[in-house]
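Notes follow once the structure below has been shown.
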Amino acid sequence: MEKLFDPIFELHQQVLENSQLMSQAKKAAVSVIINESNEESPTIILIKRNEYDGHHSGQMAFPGGKMDASDKNLYETAARESKEEIGLDLHMNHFQELSPVWVKVSNFIIYPYLIFVNKKLEFDINKREINRIFEIPVNEFTNSKNLKAHQLTIQGKAYWSPYFEYENEIIWGATALILFQNIYLKDLLRK
């Protein structure tokens, strides 16, 4: 099934290589937080956004958001948003920049930053923005039986895109693309 998604990743690569499209796109950053405190079952942190009038209403996502003019760089955006949304202070030097993805519907380029932590996390949820925090076992995203596909249309052309389900929630869009590209295919826990 993995090859089914090659065209959508090729489209993303074309966008990322197109300087005109890149200059018009807004920038955002997310924190891909993997907690290794339980060695048997490391977890990945996802949030469910509140319902609102907008493109990303009610979606499962990584903590993160739009770059502010005051942010020095996109990692600072990811860290600031994680603090604002779920109360985690991620200002540390140990992160890895992952491949960005393009969100056509809102014209954002999302820059994901992988952060490993090894402690019990205490969250402070921003109830104005976030409905719920999920600590999902990473193996939910490395098991091929949990990988699913849905078709979407971008610029008049049909593409297959990955998605996952967890506790009756659908994890799709940019979040699923990041999970597929970096967790499912690469299994970043194999260091």
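How big is the shadow of the Cα convex hull of the stretch 1-64, averaged over all directions, in nm²?
The number I arrive at for the stretch 1-64 is 7.0 nm².
Once neighbouring chains are kept in place and the probe is 1.4 Å, which whole percent of the accessible area of the chain is contributed by carbon and sulfur?
Taking all protein chains in place, the chain shows 45 percent carbon and sulfur surface.
Tell me the mean residue ellipticity at 222 nm calculated for the chain from its helices only (DSSP H runs of n ≥ 4, each -39500 (n - 2.57), averaged over every residue, nearest 500).
-5500 deg cm²/dmol
Mean shadow of the stretch 92-160, computed from the convex hull of its alpha carbons, in nm²?
Taking a quarter of the hull surface, the average projection is 7.5 nm².
At most 11 other Cβ atoms within 10 Å and a DSSP loop assignment: could you name the chymotrypsin sites (Phe, Trp or Tyr not before Pro) in the stretch 40-141 that fit?
Filter output for the stretch 40-141: TYR52.
By its C-alpha gyration tensor, with a ≥ b ≥ c as the square roots of the eigenvalues, how is the stretch 117-191 shaped: rounded for a/c under 1.5, else prolate for a/b larger than b/c, else oblate?
It is oblate, given that a/c is not under 1.5 and a/b is not larger than b/c.
Take the residue pairs LYS3/LYS145; LYS145/LYS186; LYS83/LYS119; LYS27/LYS186; LYS27/LYS120; LYS48/LYS186 and return only those whose Cα atoms are more than 19 Å apart.
LYS27/LYS186; LYS27/LYS120; LYS48/LYS186
Springs between alpha-carbon pairs under 10 angstrom, Gaussian network model over the chain: which of SER70, SER144, SER41 fluctuates most?
Fluctuation is largest for SER70.
Among the GluC sites (Glu not before Pro) within the stretch 69-147, which fall in a DSSP loop and have no more than 13 other Cβ atoms within 10 Å of their own Cβ?
Those that pass, being in a loop and sparsely packed, are GLU122.
Write down the Å³ per residue value for the convex hull defined by the alpha carbon atoms of the stretch 63-115.
Dividing the Cα hull volume of the stretch 63-115 by its residues yields 79 Å³.
How many Å² of accessible area per residue for the chain, probe 1.4 Å?
The answer is 54 Å² per residue.
Out of the trypsin sites (Lys or Arg not before Pro) in the stretch 112-160, which ones are loop residues according to DSSP with at most 16 other C-beta atoms within 10 Å?
LYS119, LYS120, LYS127, ARG128
The values are calculated or read from the model by the stated rules, or taken from the named source; none is laboratory data. On a predicted model such as this, the values are computed, not experimentally measured, just so you know. Neighbour counts run over all protein chains shown; Cβ positions are idealised from the backbone, glycine included. We work out accessible area using only protein heavy atoms, side chains counted, and drop any ligands, DNA or RNA first. Shrake-Rupley method; radii C 1.70, N 1.55, O 1.52, S 1.80 Å.
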